[in-house]
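To start, the structure under review is shown below, and the notes come after it.
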Amino acid sequence: MSHASCLCGAVSWELEGPFEWMSHCHCSRCRKAHGSAFATYVAGPAAGFRLRGGERSVRYESSPGFFRCFCECCGSVVPGDPTAGRIFVPAGNFADDPGVRPLAHIFVASKAPWYEIRDNLPRFDAYPPGIDAPVLADREPLDPPEAPRGSCLCGGAAYVLTSSPQRCVNCHCSRCRRARSAAFGSMLFASVRYTRGEDQLATYTLPDAKRFSYAFCRVCGSPMPRPNPSGGVAGVQMGSLDDDPGMRPQAHIFVGSKAPWYEIADDLPQYVEYPT
Ligand SMILES: [Zn+2]
Ligand SMILES: [Zn+2]
Ligand SMILES: [Zn+2]
């Protein structure tokens, strides 16, 4: 039995195996919904799934008939509906080691330009073989391409970078993993100007950590840069980017808290906590 919860704890769930499939999905919808380089999902029997606090989860129809769900309080991705007797749960929320390991990268044709796959897992352009489902086109960014753009999954909120990124990290701390419901969070730091939808953002601040605070879209749950009224630098969850920001992750931080099911395969510097 594996246990998991959103970052604030309002929604939690349990999943009993056998787990059938675990993969990293690089589709633009997963990247936006999670704010991360890719999302990692585990499939298990729907009969072994139990949800608590589900009334706190918001449903967003990200493609016809397909709902993505997120916690209304903290924005973490939470499991949606079972399909054909299976439930797909985001791996970043597990409290313990589910014992399964990723088997493939899927939707690699939609991969973020700033992320390079360095491991040897099989890669598929879209769905893995055996799944016959339509592949939806990515939504085009709404603003003119004058500066690197970003937007949430529903397109209601969008921003542009107004300064060059200062630095860029992959953070493996348990808060980022739970907030993003992903293997790790990828953040860059730059000034940001919202071009639309700033008023449809919610903010979550972790009660015992004043510095852990971020925004997400109230409609679709996508993590978004927290508006900074002083025009200063904001942390940008890179999965929301529509364009190449021109900078790549420079280090892995908080690898002391790394998910047991995720292997770092690149040669970027690694720090147990903050960089020295
Ligand atoms: Zn929550
Ligand atoms: Zn996906
Ligand atoms: Zn949205």
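The values are calculated or read from the model by the stated rules, or taken from the named source; none is laboratory data. Computed from a prediction, not measured in an experiment: that's the story for all the values here. Backbone-built Cβ (ideal geometry, glycine too); neighbour counts: all protein chains shown.
Can you tell me which residue among Gly80, Gly75, Gly99, Gly92 is touching a Cys at 6+ places or on another chain (Cβ under 7 Å) and either buried (at least 20 other Cβ atoms within 10 Å of the Cβ) or outside any strand (DSSP E or B) (or both)? Break it down into steps so the answer makes sense when it comes.
Details: Gly75 fails: touching a Cys at 6+ places or on another chain (Cβ under 7 Å); Gly99 fails: touching a Cys at 6+ places or on another chain (Cβ under 7 Å); Gly92 fails: touching a Cys at 6+ places or on another chain (Cβ under 7 Å).
Among Gly80, Gly75, Gly99, Gly92, only Gly80 is touching a Cys at 6+ places or on another chain (Cβ under 7 Å) and either buried (at least 20 other Cβ atoms within 10 Å of the Cβ) or outside any strand (DSSP E or B) (or both).
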Next on the checklist: Exactly one of these conditions fails for Phe107: (1) modelled with pLDDT of 95 or more; (2) touching a Leu at 6+ places or on another chain (Cβ under 9 Å); (3) away from ligand 1 (no atom under 16 Å from the Cβ). Give me its number.
Outcome noted: (2)
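Quick check on my filter: what residues within segment 116-142 are closer than 30 Å to Ala251 by Cβ and either among the charged types (D, E, K, R) or in contact with a Ser or Thr (Cβ under 7 Å, 6 or more places away or on another chain) (or both)?
Applying the first criterion (closer than 30 Å to Ala251 by Cβ) to segment 116-142 yields 116-125, 138, 141.
Within segment 116-142, Glu116, Arg118, Asp119, Arg123, Asp125, Asp138, Pro141 qualify.
Out of everything in segment 223-264 that is of a type in the set (A, V, I, L, M, F, W, C) and assigned to a strand (DSSP E or B), what residue ends up being nearest to Tyr204 (Cα to Cα)? Before you say what the answer is, go through the steps one by one.
Filtering segment 223-264 for residues of a type in the set (A, V, I, L, M, F, W, C) gives 224, 233-234, 236, 238, 241, 247, 251, 253-255, 259, 261, 264.
Keeping just the survivors that are assigned to a strand (DSSP E or B) gives 224, 233-234, 236, 241, 251, 253.
Working: Met224: 11, Val233: 18, Ala234: 15, Val236: 15, Leu241: 20, Ala251: 25, Ile253: 22 Å.
Among them, the one singled out is Met224.
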Checklist entry - Failed condition for Gly53, given (1) away from ligand 3 (no atom under 16 Å from the Cβ); (2) in contact with a Phe, Trp or Tyr (Cβ under 6 Å, 6 or more places away or on another chain), with all others met? => result (2)
Checklist outcome for this item: Restricting attention to segment 196-220, the residues that are in a loop (DSSP other than H, G, I, E, B), under 18 Å from Gly235 (Cβ atoms) and either within 16 Å of ligand 2 (Cβ to nearest atom) or among the charged types (D, E, K, R) (or both) number exactly 2
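Please enumerate the residues belonging to segment 194-235 that are closer than 15 Å to Cys74 by Cβ, of a type in the set (S, T, N, Q) and modelled with pLDDT under 95.
Step one: of segment 194-235, the residues closer than 15 Å to Cys74 by Cβ are 201-209, 212-218, 220-224, 226.
Filter again for of a type in the set (S, T, N, Q), leaving 203, 205, 213, 222.
Answer for segment 194-235, where residues must be closer than 15 Å to Cys74 by Cβ, of a type in the set (S, T, N, Q) and modelled with pLDDT under 95: Thr205, Ser213.
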Checklist entry - How about segment 253-267: which of its residues are within 25 Å of Ser213 (Cβ to Cβ) and in contact with a Lys or Arg (Cβ under 8 Å, 6 or more places away or on another chain)? => result Ser257, Ala259
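So that you can scan it fast, the table gives a plain yes or no per residue for (1) in contact (Cβ under 8 Å) with a residue 60 or more places away in the chain; (2) in the same structural domain as Ser186 (by TED's automatic domain parsing); (3) within 15 Å of Arg196 (Cβ to Cβ); (4) surrounded by 15 or more Cβ atoms within 10 Å (Cβ to Cβ):
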site	(1), (2), (3), (4)
Pro134	no, no, no, no
Asp138	yes, no, no, no
Pro141	yes, no, yes, yes
Pro144	no, no, yes, no
Leu153	yes, yes, yes, yes
Ala157	yes, yes, yes, yes
Val160	no, yes, yes, yes
Gln166	yes, yes, no, no
Cys171	yes, yes, no, yes
